[in-house]
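Q: Here it is: the structure, laid out below.
We did not get these values from a lab; they are worked out from the coordinates using the rules stated. Being a predicted model, the structure only gives us computed values, none of them experimental. Methodologically, a virtual Cβ is constructed for each residue, glycine included, from the backbone with ideal geometry; neighbour enumeration extends over all protein chains shown.
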Amino acid sequence: MKNKAEAPSGSSTRVVPALLLAGLSAAASAAETPVTELAPITVSAHGGNAVPYDQTGVSVTILDMEELRSEGIYNLSDALTTVPGAAVLPGGGLDGKGNASNIVVRGMARQTYLQPMIDGMLVSGSNGNGNVTPNLIARSNTFDIGTAELLRGTQGAIYGGGAVAGVLFMETPRGEGEPTATLFQEAGSHDTYTANLRFQGQQDKLHYFVSGTYEHTDNDIRSANGAVPDISKAGRYECFAEALRLDYDLNEATTFTTTYRREDAWFDSPSYYGGAWSTTPYRFRTNMVTAKVESKITNRYTSSLMAGYYGSDSMMGHGSNYDLRNVQVEWRNSLRWCQHQTTNFSFRWTRSQYDSSSWAASNTRENLYGVGIDHIISPVKEWVSSLAVRLDYSSIYHALPTARAASSYFFDSTGTRLFGSFGHGYRGPSSFERSKRVFHSAWGDFHGNPNLVCETSWSADFGVEQAISDNHTASITYFWQQVKDAIDAPSEDWFNYYYINKDGHWTSQGVELALSGSFGDAWNTGYKLAYTYTQPKQQDDQSIPNSCRQVWSADIHTHPTEKLTTGMGLAAATGRRDWDASRLDSYYTLRCYASYEVNETLTLHARVENLTNQKFVTDSSSGNLLAPGTSVYGGATVSF
């Protein structure tokens, strides 16, 4: 279980999620108190084992959900736009909130290049539908996620296949303290309404958390030529989401944890072709249940056994039904040999079954067995390094080895930290990509290829973090990542696309800059800034599809009075490319938000999105639909 340490005296108590490695948000009175002595926030960069943030060389950003909600961010897709190197289409999807959300991580934008994990459970598989990851990002909220971390770079040696561009690690919150209940409600533009009810607490040895969320919106559907739908509620989206977590402390050393999560979503996907509007009904249902026993066997040895099930049912238009069924069993162990050396080792079995009632893809099953070892060594307290190796054996692809090395060094006297990592990973073709069949769509016929091989990936980064003063931190990171045998579907003739492993490589390299801090004597003002420049190119010097070259994010918040919080945020991207590598509009959006604490029970809040009403195309394949225009929302939170 990862716990956040209280901020030291004199530092900001707000965690800064947009900082490159957000654990230095307090940045420690750099010259006076070493960061290593502050028990900083722990991260999951070593397979879910709680490792202090400043003892990993991996690029990871912690998303503080409580802070994000205070900034009026209630969707996971919007939360990810605050991460350096990450860009997500505004509003949560290609055509509107709730639809598939395309996330770009350091220039790598393939839907299956980012591996999501919830409560230790893989939520996609090599046989799975490519839409599992983006749809999960588009529909998830910030109410029922406690810990969320985005690890950037290839993480296959720790988390297995699919972690080509990174891992999105999430956990359902653990209940603590006295019983509390929170009711959130918000309404606004485009017939949008969101409600969430949470109840959490602790009773003796039992910790509990329950959350239920409902939301609906019509979205702001419009085309670049000024056309608006002549179909009522053309972009309607509704979603029910529930989450439950129970922890029972069997004794001081052993805890049993079980979680359950469910989503039911409905989305009407609009398209505009030949001067006419049409909609395609999308229906999604997911269920996930996990159970884990974790025990501290001795002072040096901790072991956990987890079993889980994840199911995803997708109906994407009449007759197109796709189901994914994952069963996972994992045994994790952590052995601390001495003060300076720790070994984490794990064994995992995953059974992934992908079924389709459509003739477009065949039904397939995969058994994946994996063993991984991650050794962490600290010759001196300021220097921590790790080396991880993993071997997966697939019933389809056979032996798949991966590796990762990382190192971090902290200069106590200057408040400077150097870090870096190098990794190797893979991604197996999806069931549809290697199918012998053909999928007919509005954009043409897509032909599967049973001769496809796994994509392989490499990544490296090197960064410097500097504590400028007590409450201000800056960082700069150079990164490089490359994919070989990239799976693409070029067109040999009009409306016929054939999946192939491309010759050469896809390579993205660039730099991430981040700055964050607070001014305690100026209305308790805080800020976070991030800029990423990338060069995502194919072997022939063409841009990688679904990529962007420059990404900005910013937020500034202040407290004019003790009970009033106000702030503004920015998200921007340039050099954007569509699915076929054609140009897409660059964009920027401004947002503002405010909240007022009437009393201990009631808080009022309001926000305005796309403040300057920017009109930019989000997806050319659906008839040049535009991002939502200026939108106004307001609501209240009641705690009791």
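Q: Could you run the Debye sum over the Cα atoms of the stretch 476-569, one equal point scatterer each and no solvent, and tell me log10 of I(q)/I(0) at q = 0.13, 0.23, 0.25 Å⁻¹, two decimals?
A: Listed by q, the Debye log ratios stand at -0.64, -1.10, -1.19.
Q: Label point 7 Å out from Leu250 along Cα-to-Cβ: which residues of the stretch 189-209 have amide N under 18 Å?
A: 205-207
Q: Using a Förster distance of 51 Å, how high is the FRET efficiency between Leu564 and Lys436, based on the Cβ-Cβ distance and rounded to 0.05?
A: 0.25
Q: Determine the gain in length on full extension of the stretch Asp541-Glu382; use 0.36 nm per residue of separation and subtract their C-alpha separation, reporting nm with one decimal. Before the final figure, lay out the partial values.
A: Working: separation 159, 0.36 × 159 = 57.24 nm, distance 4.15 nm.
Extra length from Asp541 to Glu382 when fully extended: 53.1 nm.
Q: If we count other beta carbons within 10 Å of each Cβ, what is the order of Phe345, Phe184, fewest first?
A: Values: Phe345 16, Phe184 20.
So the ranking, lowest neighbour count to highest, is Phe345, Phe184.
Q: Okay, which of the stretch 366-394 sit inside 20 Å, backbone N to the point 7 Å along the Cα-Cβ direction of Asp412?
A: Answer for this model: 377-385.
Q: Loop only per DSSP, at most 10 neighbouring Cβ atoms within 10 Å: give me the GluC sites (Glu not before Pro) in the stretch 537-640, ordered by residue number.
A: On the way: sites: Glu562, Glu597, Glu600, Glu609; in loops: Glu562, Glu600.
In loop regions of the stretch 537-640 (DSSP not H, G, I, E or B), the sparsely surrounded GluC sites (Glu not before Pro) are Glu562, Glu600.
Q: Looking at the P(r) of the stretch 348-435, how many percent of alpha-carbon pairs lie beyond 19 Å?
A: Numbers: 2207 of 3828 pairs.
Taking all Cα-Cα pairs of the stretch 348-435, the fraction more than 19 Å apart is 58 percent.
Q: Using a simple spin-label model with points 7 Å from Cα along the Cα→Cβ vector, what separation in nm is obtained for Val453 and Asp493?
A: 2.9
Q: Multiplying the sequence separation of Arg283 and Ser357 by 0.36 nm and subtracting their Cα-Cα distance, what value in nm do you get? It would help to have the intermediate numbers written out before the result.
A: Numbers: separation 74, 0.36 × 74 = 26.64 nm, distance 1.45 nm.
In short, 25.2 nm is gained.
Q: Give me the one-decimal nm value for the distance between modelled label points at Thr574 and Tyr273, 7 Å along each residue's Cα-to-Cβ direction.
A: The answer from the label model is 3.5 nm.
Q: Once the chain is represented by equal point scatterers at the alpha-carbon sites, with solvent omitted, what log10 I(q)/I(0) does the Debye formula produce at q = 0.12 Å⁻¹?
A: Values, matching the q order: -1.37.
Q: Now for a different question. Place a point 7 Å from the Cα of Ala636 along the Cα-to-Cβ direction; which residues of the stretch 536-571 have their backbone N under 19 Å from it?
A: 563-565
Q: Here's a follow-up. Could the peptides 202-210, 547-555 be put in order, highest first, of the mean number of other beta-carbon atoms found within 10 Å of their residues?
A: Details: 202-210: 15.1, 547-555: 21.9.
Answer by packing, highest mean first, reads 547-555, 202-210.
Q: Can you tell me which of 241-247, 60-66 comes out highest on packing, and rank the rest after it, using the mean Cβ neighbours within 10 Å? Show your work: numbers first, answer last.
A: Numbers: 241-247: 20.1, 60-66: 23.0.
Descending packing order for the listed peptides: 60-66, 241-247.
Q: Could you work out how far apart the two model spin labels at Trp349 and Asn299 are, taking each label as a point 7 Å from the Cα in the direction of the beta carbon, and quote it in nm?
A: 3.6
Q: Right, here's the next one. Suppose R0 equals 41 Å; then what is the FRET efficiency for Asp503 and Ala50 from their Cβ-Cβ distance, rounded to the nearest 0.05? Display every interim value, and only then the final one.
A: On the way: r = 43 Å, r/R0 = 1.05.
With R0 = 41 Å, the Cβ-Cβ based efficiency is 0.45.
Q: Would you mind calculating the relative contact order of the stretch 22-639 from Cα pairs under 8 angstrom and at least 6 residues apart, reporting the percent as a whole number?
A: Values: 1896 pairs, mean separation 83.4, N = 618.
Answer for the stretch 22-639 is 13 percent.
Q: What area, in nm² and to one decimal, does the C-alpha convex hull of the stretch 481-640 cast on average over all directions? It would help to have the intermediate numbers written out before the result.
A: On the way: hull surface 52.9 nm².
Over all viewing directions, the stretch 481-640 projects a mean Cα-hull area of 13.2 nm².
Q: Still on this structure, please answer the following. How much length, in nm to one decimal, is gained on full extension between Gln203 and Ala291, taken as 0.36 nm per residue of separation minus their Cα-Cα distance?
A: On the way: separation 88, 0.36 × 88 = 31.68 nm, distance 1.98 nm.
Gain on extension, Gln203 to Ala291, equals 29.7 nm.
Q: Related question: Would you please put 260-266, 396-402 in order of how densely packed they are, using the mean number of other Cβ atoms within 10 angstrom per residue and starting with the highest? Numbers along the way, then the final one.
A: On the way: 260-266: 19.0, 396-402: 16.1.
The packing order, highest mean first, is 260-266, 396-402.
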